[in-house]
Amino acid sequence: MSDLSKRILTSLIIFPLSIFFIFKGGNLLRLFLFGVFVVANYELFLVFNKKIIILCLDTVLILSLFSVYYLRESGEVSFKLLIWVIILCVCSDIGGYVLGKTFKWKKISKISPNKTLSGVLGSFIFSLFSLFIVENFSFTSSTFIQFLEPKFFFLAIILSLVAQIGDLTISFFKRLEKVKDTGSVLPGHGGIFDRIDGLMFVVILTFLLIKFNIIP
C-alpha cells in the first residue's frame, strides 16, 4: 500500500473517531485527550533526545489539549468554533498538500523542503472553504454564528497561517534532532505531532481569542 493510500485510510478512521469523542464531551473526551497525551509523550521520549525540545513540545501539547477541552465544555458558541477550527485545519492541510503537489512552485523554507509557495496559497484558499462548510452545518439548536461575515474570512487566513507556522515549528524541532517523523503510530502520517502540529497552535490561539472576547 502506498503512503498516500495509508494517509487517506488513516484519516478516514482518525478524523471521525476524534470528532465522535469531541461531540460526546465529558468523561469520554477527557479519556480521549489523556490517551493522546500518553501516546504523544511516548513518541517524544522515544524520538527526541534534547530535553529542551521535549519540554517545549510537551508544553504546547498540554496547552492545546486543555484548549480543546475548554472550547468543548464552555458552551455552544465555543463548541461550534472548535468544530470550525478543526475543519479549517483539515482544509488548510489538504489545500497545502494538493496544490503543493500539483504546481510545485518555489520552495519557501529549508526547514521543511516540501513546503512550496503553491502549497501556502492552497492552504489559504482551502481554509476559506471551511467557512461555507460550517455555515451550513447546524449541529446545535440555539447557536447562530454568521461565519460568512468578513471578520471570519480574515480570521480564517490568520488561523491557516498559524497552522502553517505550527507545522514549520514542529519541522524545525525534527530537523534539530535529524528525524523525519515524530513517530509511526499513524500509518501514512507519522506520529501524533505530525498529525496535529498545526491544530495545536490554532486551538490555543482560538482559546485566547475567546477568553479576550475577540471572537465570535
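Please report, in whole Å, how far the alpha carbons of the chain spread along each principal axis, starting with the longest.
Principal extents (Cα only, largest first): 49, 41, 36 Å.
Obtain the nm distance between the two label points defined at residue 214 and residue 110 by a simple spin-label model: each point lies 7 Å from its Cα along the Cα-to-C-beta direction.
Computed distance between label sites residue 214 and residue 110 equals 3.2 nm.
Any chance you could run the full-extension gain for residue 45 through residue 66? It's 0.36 nm times the residue separation minus the Cα-Cα distance, nm to one decimal.
Fully extending the segment from residue 45 to residue 66 adds 5.5 nm.
Below 26 Å, Cα to Cα, which lysines can residue 151 reach? Residues fewer than 8 away in the same chain don't count.
Counting by Cα, and skipping residues close in sequence, residue 151 has these lysines nearby: 80, 211.
Straight-line reach only, C-alpha to C-alpha below 29 angstrom: list the lysines that residue 174 could link to, leaving out same-chain residues fewer than 8 apart.
Filter leaves 6, 50, 51, 101, 104, 106, 107, 110, 115.
Using Cα-Cα distances under 8 Å and only pairs 6 or more residues apart, what relative contact order does the range 3-211 have, in percent?
Answer for the range 3-211 is 26 percent.
At residue 135 and residue 23, where each label point lies 7 Å from the Cα along Cα→Cβ, what is the point-to-point distance in nanometres?
2.3 nm
Every read-out reported here was derived from the displayed coordinates using simple, explicitly stated rules and does not represent laboratory data. Because the structure is predicted, anything quoted here is derived from the model rather than measured. Neighbour counts are summed over all protein chains in view; Cβ atoms, including those assigned to glycine, are modelled from backbone coordinates with ideal geometry.
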